[in-house]
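Everything on this sheet refers to the single structure shown next.
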Amino acid sequence: MLGLKLATDPRWANIANGNLEEILTDHAYCEQKAATNAISMIVSFGNYSDLVEAMIALAQEELQHFAMVHAKILERGWVLGKERKDEYVIELYNFVRKGHKRHIVLIDRLLFGAMIEARSCERFRILSENIQDSDLAEFYRELMISEANHYTLFIGFARKYAEGEDVEKRWQEFLDYEASIIANYGKRETMHG
């Protein structure tokens, strides 16, 4: 369903298992950034009422996920700590077209969101199947479903607002670009790193 061109190296699960505190902290900040991205979509594209409604709901859900991850951190006696940069997301954002007609930027921002959700969904699946902490394995199984729904949401809006733009071709370009950069990641105890 996700169409990712390069799967995460299964050894990443071993890295994650080795430092669950870091994985959870990084994950919490990923959820915060996802909520921020949804709010940014509202600010940038406020004239698309159905998109605004969907992004309001998404921002609320992502913030709820942040709270859930934070609770898992506290349950284990850890603290959230400082924000982590997500080099993968920064590199992926470089592929978003800027300075074009508004609907082209909108499509790329939506595909950018879809790509992050697709890769997160894949990573959550790996964690749910490989993590040694049974509570977290179930937690990530549930979140994997949410990420798949978010991926579908973003792709659906990109298709809806295509205005003659070949969204499927552009999505394939995103998949190719993402495959070229994800090869450099999966070696650290972060969600995308």
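Is there a residue being aromatic (Phe, Trp, Tyr), in contact with a Leu (Cβ under 9 Å, 6 or more places away or on another chain) and in a helix (DSSP H, G or I) anywhere in segment 46-61?
no
Here is a list: 155, 131. Which entry is aliphatic (A, V, I, L, M), in contact with a helix residue (DSSP H, G or I) (Cβ under 9 Å, 6 or more places away or on another chain) and modelled with pLDDT under 95?
131
Does residue 45 meet the test of being in contact with a helix residue (DSSP H, G or I) (Cβ under 9 Å, 6 or more places away or on another chain), in contact (Cβ under 8 Å) with a residue 60 or more places away in the chain and surrounded by 14 or more Cβ atoms within 10 Å (Cβ to Cβ)?
It is true that residue 45 is in contact with a helix residue (DSSP H, G or I) (Cβ under 9 Å, 6 or more places away or on another chain), in contact (Cβ under 8 Å) with a residue 60 or more places away in the chain and surrounded by 14 or more Cβ atoms within 10 Å (Cβ to Cβ).
Taking the condition in a helix (DSSP H, G or I) and surrounded by 18 or more Cβ atoms within 10 Å (Cβ to Cβ), does residue 179 pass?
So residue 179 fails the test.
Is at least one residue of segment 38-55 more than 27 Å from residue 133 (Cα to Cα), acidic (Asp, Glu) and either at pLDDT 95 or above or in contact with a strand residue (DSSP E or B) (Cβ under 8 Å, 6 or more places away or on another chain) (or both)?
yes
Kindly provide the set of residues from segment 1-33 that are within 14 Å of the chain's Cα centre (by Cα) and farther than 18 Å from residue 185 by Cβ, ordered by number.
28, 31, 32
Can we say residue 80 is closer than 21 Å to residue 15 by Cβ, in contact (Cβ under 8 Å) with a residue 40 or more places away in the chain and either part of a helix (DSSP H, G or I) or not β-branched (Val, Ile, Thr) (or both)?
yes
Answer yes if at least one residue in segment 146-153 is of a type in the set (D, E, K, R) and surrounded by 19 or more Cβ atoms within 10 Å (Cβ to Cβ), and no otherwise.
Yes; the residues of segment 146-153 include at least one that is of a type in the set (D, E, K, R) and surrounded by 19 or more Cβ atoms within 10 Å (Cβ to Cβ).
Restricting attention to segment 15-32, and to residues there that are surrounded by fewer than 17 Cβ atoms within 10 Å (Cβ to Cβ) and either touching a residue at least 60 places away in the same chain (Cβ under 8 Å) or basic (Lys, Arg) (or both), which single residue is nearest to residue 125 (Cα to Cα)?
Among residues in segment 15-32 that are surrounded by fewer than 17 Cβ atoms within 10 Å (Cβ to Cβ) and either touching a residue at least 60 places away in the same chain (Cβ under 8 Å) or basic (Lys, Arg) (or both), the one nearest to residue 125 (Cα to Cα) is 17.
The values are calculated or read from the model by the stated rules, or taken from the named source; none is laboratory data. Since the structure is predicted, the reported quantities are computational estimates derived from the model, not experimental observations. When we count neighbours, we look across all protein chains shown, and the Cβ atoms used for this are built from the backbone with ideal geometry, even at glycine.
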